[in-house]
Each structure stands twice: as structure tokens, then as C-alpha cells.
Amino acid sequence: MTGIMRMVSIAAAFVFVAVAPGPGPAGQQTALAASAAEGVAEPASTARVAALADHTITLVNNSGQTLWIGSAVNADGSRNLTSLPTLRSGQSATVRIPESSAPGHWRGKFFARQGCGGNSGSTFRCKVGDCGPFADRCTTGEQPASLAEFNFDTRDRLAPWYNVSYVNAFSLPITIEAVNASAPAGSKECETVGCTENLLRHCPPANLRYWDSGTPMLCVNPNRDARTPYSNMISARCPKAYAWSKQDTEPGNQTMRQCRNCTGFRVTFHRG
């Protein structure tokens with residue numbers, strides 16, 4: 001496992017945000033928060049007040065395709081998330097992290113499932129990031145894909161910790177930005193990690209996988225525990241993301257960040 005991932009199912013209440021298509025999360029937005037108790041729409045600002053005890057993660061789809069969000073957790077009591085959103089390009093959804101509930105932490109990851117189809121609960125499958133037969137949750141380990149990893153811990157005064165991982169594979173560019181962050185002057189705390197560049201065009205030919213149409217789909221790491229042409233390419237073009245499992249032991253690496261004062265994070269899936 002890498003970085004944070006080295007470190008009971010519930011329904012995750014989420015705020016669904018429709019975003020005007022275009023690069024980045026900026027622009028006019030309209031937001032309605034679905035009330036988990038009554039199914040009644042309420043202003044997003046009201047929902048946010050109710051969620052102050054927990055951080056939130058806003059998932060933004062700027063990929064140009066429909067994404068089915070997947071999530072997995074460490075085997076440490078962290079609670080699996082359900083009711084995960086399906087996002088058309090230009091849409092966003094905000095997931096509340098259950099860190100204040102027992103066991104007092106949430107350590108896990110988010111990823112984009114691509115090329116999905118079938119009936120949820122039976123025949124649903126994805127070409128990239130497949131993690132079981134459900135459209136709104138994961139029940140098996142995910143197949144290789146780009147990852148956004150987090151460690152929320154109510155007992156760690158430096159938490160949350162976060163990183164982008166391309167250790168297993170690169171599928172889409174990911175960035176993680178801290179929201180409403182306050183960091184000490186001159187520090188790298190709360191810094192944005194990841195990158196927006198599509199690295200599929202730079203994938204070593206032996207590591208590249210294709211869609212049925214013949215276009216590049218996935219760049220797979222042949223050895224996650226050693227330096228390879230794959231990891232060298234990732235490090236050169238996206239130094240603020242994990243390229244192999246031990247990269248955080250290399251002097252001067254920029255792979256992991258923490259942000260003790262923020263309300264949450266924005267994870268953006270960029271165009272591949």
C-alpha cells in the first residue's frame with residue numbers, strides 16, 4: 001500500500017451539485033442537499049452547518065465522460081461508503097466523511113469507474129476501476145486506477161492527510177485541493193497535490209491498455225514496489241503524486257500533504 005493506505009456499511013449523505021461544464025470547479029453552481037431523513041431538498045449551506053463535525057469531499061467530474069464514483073477503505077474499522085454518485089461530465093457531488101463516528105477515523109480512497117454498464121446489483125461492471133456489481137458502492141477490491149487517498153483521524157492533531165496515487169495505474173488525472181484551508185505562512189501544508197495532465201500519451205507502450213475503440217484507456221504499473229520506466233514517467237511529469245509504493249522514502253519527495261485547518265477537500269477528475 002502507499003502513503004495513507006499504509007497508515008459495516010453506512011449510507012453516506014451527500015450534497016449533489018450541478019456545475020456548468022468547463023475546466024475546473026469555478027463557475028456558477030446550483031446546489032441542493034438531499035435530506036437523508038425526509039428526502040426533502042434544503043439549501044446546501046444548511047446541510048453544511050449540520051456537517052461541521054465531519055470533513056467533506058467534493059468530487060468533480062471534468063473528464064468529458066460519465067463517471068461512477070468508487071470508494072474503498074483500510075481494514076481498520078473505517079466505514080464503507082454507500083450511495084456513491086454517478087456524475088455526468090461537469091457535475092459534482094459532496095460526500096460527508098464519517099470520521100466522528102466510531103472508530104473515530106476514516107482511512108480510504110476514491111476513484112473513478114469508467115466504461116460501466118449493466119444492472120446494478122447483478123450485471124453491473126466497469127472497464128476501469130471495477131469493484132463489484134453495484135453502481136453506488138464497492139463490494140470487492142478495485143481494479144487498477146488513479147486514486148485519491150485520505151486519512152481522517154480525530155486523534156491526530158495534524159490530520160487530515162491526503163495524496164494522489166498512480167502506484168497501481170494511471171487512468172485519469174486527479175488533483176486534490178483543500179477547501180477553506182488555513183496554513184502556516186511559507187509551509188507546504190494544505191498544498192494542492194496531483195496534476196491535470198493526461199499521462200496516457202506518455203505511457204510506455206508495454207504498459208498501455210486500450211478501449212475497444214483502440215484509444216488509450218489505462219497505463220498499468222508493471223511493478224509497484226520498484227522503480228520502472230512507468231514510475232519514472234509519472235515522477236517526471238507529476239511529482240506531486242505517488243508513482244511507486246516507496247516513493248515517500250525518497251529524499252525531497254512531494255507525494256503527501258496534511259491540512260489540519262480545513263473544512264474538506266475537492267477531488268477533481270480531469271480529462272484523460
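Phi angles across region 258-266 convert, under the Karplus curve 6.51 cos²θ - 1.76 cosθ + 1.60 with θ = phi - 60°, into 3J(HN,Hα) values of 9, 8, 6, 10, 7, 8, x, 9, 10 Hz, Gly and Pro given as x. Fewest neighbouring Cβ atoms within 10 Å first, the residues 157, 209, 88 line up as 157, 88, 209.
With viscosity 0.890 mPa s and temperature 25 °C, the Kirkwood radius over alpha carbon pairs of region 111-178 converts through Stokes-Einstein to a diffusion coefficient of 183 µm²/s. Sequentially through region 213-225, phi angles give Karplus couplings (6.51, -1.76, 1.60; θ = phi - 60°) of 6, x, 8, x, 10, 7, 10, 9, 6, x, 7, 5, 9 Hz, Gly and Pro residues having no value and appearing as x.
A straight Cα-to-Cα reach below 30 Å connects residue 127 with the lysines 109, 240, 246, residues fewer than 8 places away in its own chain not being considered. Whole Å is fine, so just give me how far the alpha carbon centre of region 84-100 lies from that of region 121-138. Cα centroid of region 84-100 versus Cα centroid of region 121-138: 17 Å apart.
Just so you know, all these numbers are worked out from the coordinates, no wet-lab data involved. Model, not experiment: these values are computed from the prediction. Backbone-built Cβ (ideal geometry, glycine too); neighbour counts: all protein chains shown.
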